[in-house]
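First the structure, in the form of structure tokens, and then the observations on it.
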Amino acid sequence: MTLIHRRDSLRADKTNQARLAANKKIEMLYDSEVVEVLGSNEPKGVTGIRIRNTVTGSSHELAVHGLFIAIGHSPATALFKGKLDMDKDGYIQTGPDSTHTSVAGVYAAGDVKDKVFRQAVTAAGMGCMAALEAERFLAVAHAGELPVKV
């Protein structure tokens with residue numbers, strides 16, 4: 001397995017970096033990025049990738065049978081810019097211990113809100129919180145009461 005990283009170091013916690021370094025089955029390619037996926041039509045599949053060094057600009061091909069891409073942790077929130085309060089990094093801001101946003105009836109959870117843990121399990125928990133808060137909001141609205149932003 002080859003892990004390709006666009007910078008010269010990882011930002012993962014030290015324990016996971018040590019595990020990665022100790023695993024002899026994983027080769028690290030730093031300062032590199034995948035610029036092209038190579039493949040065949042018959043049979044259809046991936047046969048390789050073209051990798052560019054981000055420092056020197058040189059490129060080379062690497063034979064592979066599969067590819068998993070993790071692009072990073074930039075929240076996909078551009079569509080909400082100017083509509084919901086966000087921090088300087090583009091994450092949607094929510095109330096303390098809540099998923100409610102600056103707009104009544106709009107809730108944020110997971111990758112658009114969480115820049116600390118960035119884990120599927122925490123996103124799922126936040127999603128549940130958002131669903132429960134939305135349900136309460138709708139119950140209040142259905143009862144004819146005006147929703148109050150907390």
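The values are calculated or read from the model by the stated rules, or taken from the named source; none is laboratory data. Values in this document were obtained by computation on a predicted structure and should not be read as measured data. Don't worry about glycine lacking a Cβ; one is built from the backbone with ideal geometry, like all the others, and counts go over all protein chains shown. Ligands, DNA and RNA are stripped out before the accessible areas are found, and what is left, the full protein with its side chains, is counted by its heavy atoms. Shrake-Rupley method; radii C 1.70, N 1.55, O 1.52, S 1.80 Å.
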Regarding Gly105, is this residue over 18 Å from the mean Cα position of the chain (by Cα) and either without any contact (Cβ under 8 Å) to a residue 12 or more places away in the chain or open to solvent by less than 40 Å² (accessible area, probe 1.4 Å) (or both)? yes
Going by the structure shown, is Pro96 out of contact with any Cys (no Cβ under 9 Å at 6 or more places or on another chain), in contact (Cβ under 8 Å) with a residue 40 or more places away in the chain, not in a strand (DSSP E or B) and not small (Gly, Ala, Ser)? no
If you go through the stretch 10-36 one residue at a time, how many are surrounded by 10 or more Cβ atoms within 10 Å (Cβ to Cβ) and more than 15 Å from Ala70 (Cβ to Cβ)? 10
Any hit, the stretch 80-93, residues being open to solvent by less than 50 Å² (accessible area, probe 1.4 Å), β-branched (Val, Ile, Thr) and assigned to a loop (DSSP other than H, G, I, E, B): no
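Restricting attention to the stretch 91-98, does a residue exist that is touching an Asp or Glu at 6+ places or on another chain (Cβ under 7 Å) and more than 21 Å from Arg7 (Cβ to Cβ)?
Quick first cut of the stretch 91-98, residues touching an Asp or Glu at 6+ places or on another chain (Cβ under 7 Å) only: 93, 98.
Still in the list and also more than 21 Å from Arg7 (Cβ to Cβ): 93, 98.
So far as the stretch 91-98 goes, yes, one or more of its residues are touching an Asp or Glu at 6+ places or on another chain (Cβ under 7 Å) and more than 21 Å from Arg7 (Cβ to Cβ).
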Which one of these does Val121 not meet: (1) β-branched (Val, Ile, Thr); (2) assigned to a helix (DSSP H, G or I); (3) surrounded by 12 or more Cβ atoms within 10 Å (Cβ to Cβ)? (3)
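Can you confirm whether Asp114 is open to solvent by less than 30 Å² (accessible area, probe 1.4 Å), assigned to a loop (DSSP other than H, G, I, E, B) and not aromatic (Phe, Trp, Tyr)?
Working: open to solvent by less than 30 Å² (accessible area, probe 1.4 Å): yes; assigned to a loop (DSSP other than H, G, I, E, B): yes; not aromatic (Phe, Trp, Tyr): yes.
Judged against the criteria, Asp114 is a match.
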